[in-house]
Amino acid sequence: MNHPAGIEGAVTNPTGIGASMRRKEDMRFLMGRGNYVADIKLPDMTAGVFVRSPHAHARIVSIDKKAALAMPGVVDVLTGEDLKTDGVGGLPCAWPVVGKGGAPTKEPAHPAIAQGKVRYVGDAVAFVIAESLAQARNAAEAVVVEYDVLPAVVGVLDAIKPGAVAVFDDIPDNVCVDWELGDKHATEAAFKKAAHIARISLVNNRLVGNPMEPRAAIGAFDRSRGQHTLYTTSQFPHIVKLLMGNFVLNIPQHKLRVVSPDVGGGFGVKQFHYAEEAVVTWAAKRLGRPVKWVCDRSEGFISDAHGRDHVTEAEMALDENGKFLALKVSTIANMGGYLSTFGPNIPTNLYGPLLAGVYTTPAIYCEVKAVFTNTVPVDAYRGAGRPEATFVLERLVDVAASELGIDKAEIRRRNMIPSNAYPYQTPVMMEYDSGDPGGCLTKALANADWNGFPARKAASAAKGKLRGIGLCTYVEACGLAPSRIAIRLGVRGGLFESAAVRVHPTGQVTVLMGSHNHGQGHETTFAQIVSERLSIPAENIEIVFGDTDKVQFGLGTYGSRSLAVGGSALWKATDKVIAKGKKIAAHMLEAADTDIEFADGMFSVAGTDRAKSFAEVALSAHFPVDYPLEILEPGLEEQAFYDPVNFTFPCGAHIAEVEIDPETGVVELLSYVCVDDIGTVINPMIVDGQITGGVVQGVGQALYEDCVYDPESGQLLSGSFMDYCMPRADHVPKVSVETHITKCTHNPLGSKGCGELGTIGSPATVINAVVDALSHLGVNHIDMPASPHRVWRVINEAGGAARVAQ
Amino acid sequence: MLIQFVLNGKPVAVDVAAYDLLADVVREKLGLTGTHIGCDTSQCGACVVHIDGRSVKSCSTLAVTLEGAKVTTIEGLASPSGQLHPMQQAFHEQHGLQCGFCTPGMVMSAVDFASRNPNPTPAEAAAGIEGNFCRCTGYQNIVKSVIAGAAAMRVVK
Ligand code: FES
Ligand code: FES
């Protein structure tokens, strides 16, 4: 692959910043030598299987382990009562939020194995451990659980009805938190003056993240040292260590190691502290033997945290020229049967503040009720809150444009924040540091040949097909997160990131990163940053992550933060290495360290040809025979922690074109154009891959994926790949990726992040295109996924296929 | 029962139960963990290996049926000296992998597909790997990899 044409990046060093170098991590994966948790075998290891509730809501009357314990190979059967006996705590919520009038988030107990009641299909009721997996599976069938089945509440609208079934006895209205943001009075006042009000009611469909590697966990306990080890499929091993050690199992931090080796995709699904992690760690100590649990895919469907699941009413006030005066949004968000690690934060702090989009809307008010239901806990999934916000805003803008008869690009332009207005303070908390959304839009319209669309539509019509074009602009808040802001928003911890650069005596470098690589290409991207800064080839740089015994405390990977925050920590660490190197070189060259310059791998005395190479300085640092030790320490290893001062704000414009067969309702996605402002690009090839992959995941939400529960029984109807439609290779069009860059102004790299923007922009873009194709039928919205059945029904309800060929 | 087959060019004998699946046997009994398990409904293709040169989902193949067969897993694709198969090389060059979990199955499917369709169009390449899920890449670079790998396989032949 050549350097992707549209992505900016200046290359001077073939393994430095801006180079599309091939990935260092590829070899082990291509040869089948990855090391995923399921691949790990420890001596004397046992296998564990969870018995999970078949009911959405039930009282556990009794659990009879006897038959299971008597089966061949069974080592133990553990239940919620055993957790209680051992004093094991519940799973903590790490990011509760503050509701209206200062009301706290309700945080009901979340035992790792159910105690007394089960609250969703899949809630764990027992853990069966045996010598082999087959034995554990067989014995799990023999655990007899008697349930007193209770009525379940499944959908969010049902959950808030008066008299609804309560998921928790002490939370009779099922409301976890009732949250608001923005100026209600200013918003109401603006609506009174509006020339036009556009309205929309929509559902943001519930999704299952489905990274291709199912979750897995192995607990081990070393009696001789009193040391616990957990191997887990996690995006943030240090946070698992902190949450599990401190809040659940009461293991001192110096006695707990968490290892997250190669991880097969995360997308947020693997950034929570899960019950299974605590159970295997606890069981391993009880047994004195390692315990391994590997999730089946169908088990993943009912135990991985789900994403999205909002029901929203929104209104926009406009003046007679299509200027946005105010926006009012009311959302009910599903939390599921317990709070997952970040659950309440996603539909609130990561949603409301993004409703400003890239527009100058002066008044915004948003209220969100997060509610409990008898479904799997809901938490972050790629984009997390920001795709939902973008979907509301960009659908509403399209509705307004159609109602006012203004071109959809034009209405966006009229309301867009001009590039010279940055930094820009929105009415909903955020200060955007940089951006040029108008520039992104101009490029996207050109790349998609927006003006040529009518001719293409006519050509489709001649074939009996309905063609539509959809546009969306977006902004996202990435680089999670400035600790001082996040703490005001409720997070229980800091959100900085760490990096350490260890220079070996021979000049090669090992880098220890607090972020975690599970597909994003960190081993390459971070090596490129070090290569650029220290002028050494990337092949001499190793990136280490995912082991709390090797790597200093770090916060892991989520929220498109690894480059903007982790990369900035790495930048600072290389600054320190250079500064220390200058001192060493000054000593070697008998000069003042203020006179030493570092460039192109050489430390030189300014204005002279006297110089020492990086390798010579590294060697000297480890043979300090004549060092003035009182002012110069031996060694060359530096660590940095970086806490951002603001979020980063990638933004952009996406355009999709679809063709619909009115006879079948099948939507074919013909083209997808992105122009994104992501700040400095380190590796254009990797950026292209991240954006394309994200877009296709968002296309999955728009056209294919739907997590469906039976509304009465709470049974998951789309509980396997047979029923949950994952995008396949023949579903996706060519995605054209281009960048339009303004640099982040507050981090040393100038990077903003690119991991989530695909899923943030694409659902709105694709649905806007589908609605455009159906607009002549009077359709102004269609819920996701725009499946053939749903589209066919919309067409037929609007008057049938006969009316379509206009 | 004891079965004998050829695995990545070497004869092996392994004791299997009647219900053992090939995926579990190569992973657990023969220690080759490059073959992955991504689902339990035979949908994802992470487990694809070759049996007598044809791609097969090893999660849905009973090990006892392999007596005398030639099985190749991802570990057997590169040359013994470590030189990548042209399809593996193409995935590297075209950035056809991110997390790497789907990659072994994807590459094994692609090799079989390209051996039967040495000069595929993008639509044919996409259809050829339709039985393999990838959640990371959005498939675009995988399709490019399959086409480039097929071209390189033609040259090698
Ligand atoms: S493991 Fe999914 S198809 Fe075999
Ligand atoms: S590379 Fe991650 S699933 Fe394909």
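Inside the stretch B:91-130, residues that are outside any helix (DSSP H, G or I), within 14 Å of ligand 2 (Cβ to nearest atom) and farther than 13 Å from B:K144 by Cα make up a count of 5. Condition first: modelled with pLDDT of 95 or more, in contact with a strand residue (DSSP E or B) (Cβ under 6 Å, 6 or more places away or on another chain), part of a strand (DSSP E or B) and at negative phi. Can you find one or more residues in the stretch A:375-396 that meet it? The answer is yes, given that some residue of the stretch A:375-396 is modelled with pLDDT of 95 or more, in contact with a strand residue (DSSP E or B) (Cβ under 6 Å, 6 or more places away or on another chain), part of a strand (DSSP E or B) and at negative phi. Taken across the stretch A:718-727, residues that are open to solvent by less than 10 Å² (accessible area, probe 1.4 Å), more than 10 Å from every other protein chain (Cβ to nearest Cβ) and in contact with a Phe, Trp or Tyr (Cβ under 6 Å, 6 or more places away or on another chain) do occur, with at least one present.
Checked against (1) within 13 Å of A:V358 (Cβ to Cβ); (2) touching a residue at least 40 places away in the same chain (Cβ under 8 Å); (3) not small (G, A, S), A:K443 passes all but condition (1).
One line per residue, one yes/no per condition, for (1) part of a loop (DSSP other than H, G, I, E, B); (2) buried (at least 21 other Cβ atoms within 10 Å of the Cβ):
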| residue | (1), (2) |
| --- | --- |
| A:I60 | no, yes |
| A:I63 | no, no |
| A:K84 | no, no |
| A:G101 | no, no |
| A:A109 | yes, no |
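Just wondering, is there one or more residues in the stretch A:736-747 that are among the aliphatic types (A, V, I, L, M) and open to solvent by less than 10 Å² (accessible area, probe 1.4 Å)? No; the residues of the stretch A:736-747 include none that is among the aliphatic types (A, V, I, L, M) and open to solvent by less than 10 Å² (accessible area, probe 1.4 Å).
When A:D39 is tested against (1) within 11 Å of chain B (Cβ to nearest Cβ); (2) of a type in the set (D, E, K, R); (3) open to solvent by 50 Å² or more (accessible area, probe 1.4 Å), just one condition goes unmet, and that condition is (3). Could you check, for the stretch A:703-715, whether at least one of its residues is open to solvent by 10 Å² or more (accessible area, probe 1.4 Å) and under 30 Å from B:F91 (Cα atoms)? For the stretch A:703-715, residues open to solvent by 10 Å² or more (accessible area, probe 1.4 Å) and under 30 Å from B:F91 (Cα atoms): present.
Residues that are assigned to a loop (DSSP other than H, G, I, E, B), hydrophobic (A, V, I, L, M, F, W, C) and either more than 10 Å from every other protein chain (Cβ to nearest Cβ) or within 16 Å of the chain's Cα centre (by Cα) (or both) within the stretch B:131-153 comprise B:F133, B:C134, listed in sequence order. A residue that is over 22 Å from A:P482 (Cβ atoms), buried (at least 17 other Cβ atoms within 10 Å of the Cβ) and aromatic (F, W, Y) cannot be found anywhere in the stretch A:648-661.
The C-beta contact set for the stretch B:60-74 (first residue away from every other protein chain (no Cβ under 13 Å), second residue within 16 Å of ligand 1 (Cβ to nearest atom) and among the acidic types (D, E), distance under 8 angstrom, 6+ apart or interchain) comprises B:L62/B:D20; B:A63/B:D20; B:A63/B:D24; B:V64/B:D20. Residues in the stretch B:27-85 that are hydroxyl-bearing (S, T, Y) and within 15 Å of ligand 1 (Cβ to nearest atom): B:T33, B:T35, B:T41, B:S42, B:S55, B:S58, B:S60, B:T61, B:T73. Residue pairs whose Cβ atoms lie under 8 Å apart, sitting 6 or more positions apart in sequence or on different chains, and linking a residue in the stretch A:657-670 that is aromatic (F, W, Y) to a partner that is open to solvent by 70 Å² or more (accessible area, probe 1.4 Å), do not occur here. Restrict the check to the stretch B:93-109 and report whether at least one residue is over 23 Å from A:V263 (Cα atoms), of a type in the set (D, E, K, R) and either open to solvent by 20 Å² or more (accessible area, probe 1.4 Å) or at pLDDT 95 or above (or both). No: the stretch B:93-109 contains no residue that is over 23 Å from A:V263 (Cα atoms), of a type in the set (D, E, K, R) and either open to solvent by 20 Å² or more (accessible area, probe 1.4 Å) or at pLDDT 95 or above (or both). Counting only strands (runs of 3 or more DSSP E) that sit wholly inside the stretch A:594-681, those with at least 2 residues that are hydrophobic (A, V, I, L, M, F, W, C) are A:596-599, A:602-605, A:637-642, A:651-660, A:667-677.
The values are calculated or read from the model by the stated rules, or taken from the named source; none is laboratory data. Computed from a predicted structure; not experimentally measured. For neighbour counting, all protein chains shown are included, and Cβ atoms are generated from backbone atoms with ideal geometry for every residue, glycine included. Only protein heavy atoms, including side chains, enter the accessible area calculation; ligands, DNA and RNA are left aside. Shrake-Rupley method; radii C 1.70, N 1.55, O 1.52, S 1.80 Å.
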